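Q: Please read through the structure below; I'll follow up with questions.
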Amino acid sequence: MYEEELQRRKLDTLNLLYVAMTRPEERLYVISTLPGRNGTIADFYKSFFVEQGLWVDGQMVYNTDSPVAPPVSKPDKHSPTTRLNRVLSNHWDEKILISTDAKKIWDVEEKPQTAYGRIVHQILAWITVAADAPKALARAIEQGLISSDELPEVEKRVNNVLTNTEYAMLFDANAKVWAEREILMPNGDTYRPDRVVLYTNQLIIADYKTGLPANSHKRQVEEYANILSQMGYTNIETKLIYL
């Protein structure tokens with residue numbers, strides 16, 4: 001089952017790669033890691049260049065064809081022209097934010113409390129230790145998850161978690177932290193605890209929730225604990241954090 005799941009995921013990746021490689025009209029730039037492990041996307045690229053007789057050990061840049069410049073229309077020689085000596089403009093990224101994840105975070109049907117909870121949930125996943133908070137908040141703005149106007153409220157909610165002494169061990173530099181990591185079971189099922197923190201003699205599972213406490217929340221973290229116990233971990237503690 002494990003190998004079948006890996007093959008399915010590899011096929012999904014190849015399908016996505018095919019779409020990305022066949023859509024450009026004029027040119028395509030591909031940035032890849034170096035080939036190494038057999039079967040990676042980088043190895044597929046290498047196989048292509050080897051087949052084309054283009055592969056050279058140590059070479060880092062390859063061109064498969066000459067760049068195609070877009071057609072340039074000749075201006076009407078009778079068209080009047082005006083020379084602009086000065087142009088006032090702002091860079092586009094000062095006016096436009098392109099959000100890749102906001103649709104998953106903000107739901108127009110949700111109450112503001114729940115929506116903010118989902119945002120804080122995502123930002124906490126980017127934080128390993130408390131000192132990472134400013135960088136994670138800046139990332140949220142850059143990706144369009146929040147606006148500058150929403151920053152103070154979101155920052156306050158994030159700090160409420162980070163400064164709570166009950167949760168201090170979840171953001172400790174001396175621990176090994178896994179945030180939003182999938183656990184693949186032998187039967188193909190997957191589980192994703194929000195945060196797993198490993199110390200030398202203790203493992204802590206934390207799950208973030210919004211809304212009111214529910215028995216289903218407790219059962220969920222207990223199920224995570226049971227799975228990790230089967231994996232050989234001992235002295236497991238669970239925590240539910242309501243955002």
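Q: With the checklist (1) among the β-branched types (V, I, T); (2) in contact with a strand residue (DSSP E or B) (Cβ under 6 Å, 6 or more places away or on another chain); (3) buried (at least 18 other Cβ atoms within 10 Å of the Cβ) in hand, flag the one item I119 doesn't pass.
A: (2)
Q: Select from segment 158-186 the residues that are surrounded by 16 or more Cβ atoms within 10 Å (Cβ to Cβ) and out of contact with any strand residue (DSSP E or B) (no Cβ under 9 Å at 6 or more places or on another chain) and write down the one among them that is farthest from L228 (Cα to Cα).
A: This residue is V158.
Q: Also: Can you tell me how many residues in segment 16-57 are among the small types (G, A, S) and either in contact with a strand residue (DSSP E or B) (Cβ under 6 Å, 6 or more places away or on another chain) or in a loop (DSSP other than H, G, I, E, B) (or both)?
A: Qualifying residue count for the region: 4.
Q: If you check E153 against the conditions, is it of a type outside the set (F, W, Y), out of contact with any strand residue (DSSP E or B) (no Cβ under 7 Å at 6 or more places or on another chain) and part of a helix (DSSP H, G or I)? If you could, list the steps in order and put the result at the bottom.
A: On the way: of a type outside the set (F, W, Y): yes; out of contact with any strand residue (DSSP E or B) (no Cβ under 7 Å at 6 or more places or on another chain): yes; part of a helix (DSSP H, G or I): yes.
When the stated conditions are applied, E153 passes them.
Q: Here is a further query. Taking strands (runs of 3 or more DSSP E) that fall entirely within segment 163-222, which contain at least 1 residues that are under 28 Å from R8 (Cα atoms) and among the basic types (K, R)? Even if it seems obvious, please write down each step before you answer.
A: Details: elements: 176-179, 195-198, 203-209.
Here the list reads 195-198.
Q: How many of the residues making up segment 53-80 are modelled with pLDDT of 75 or more and more than 22 Å from E25 (Cα to Cα)?
A: Result for segment 53-80: 8.
Q: Please state which of the following conditions I127 fails to meet, knowing it meets all the rest: (1) modelled with pLDDT of 95 or more; (2) outside any helix (DSSP H, G or I); (3) loosely packed, with under 13 Cβ neighbours inside 10 Å.
A: Of (1) modelled with pLDDT of 95 or more; (2) outside any helix (DSSP H, G or I); (3) loosely packed, with under 13 Cβ neighbours inside 10 Å, only one is false for I127: (3).
Q: Moving on. If we keep just the residues of segment 136-157 that are basic (K, R) and surrounded by 12 or more Cβ atoms within 10 Å (Cβ to Cβ), which is nearest to N201 (Cα to Cα)?
A: Once the filter is applied, the top-ranked residue is R157.
Q: Select, from A168, A206, A179, the only residue that is over 21 Å from the mean Cα position of the chain (by Cα) and small (G, A, S).
A: So the residue among A168, A206, A179 that is over 21 Å from the mean Cα position of the chain (by Cα) and small (G, A, S) is A168.
The values are calculated or read from the model by the stated rules, or taken from the named source; none is laboratory data. Everything quoted here is computed from the prediction, not taken from an experiment. FYI the Cβ positions are ideal-geometry reconstructions off the backbone, even for glycines, and counts take in every protein chain you see.
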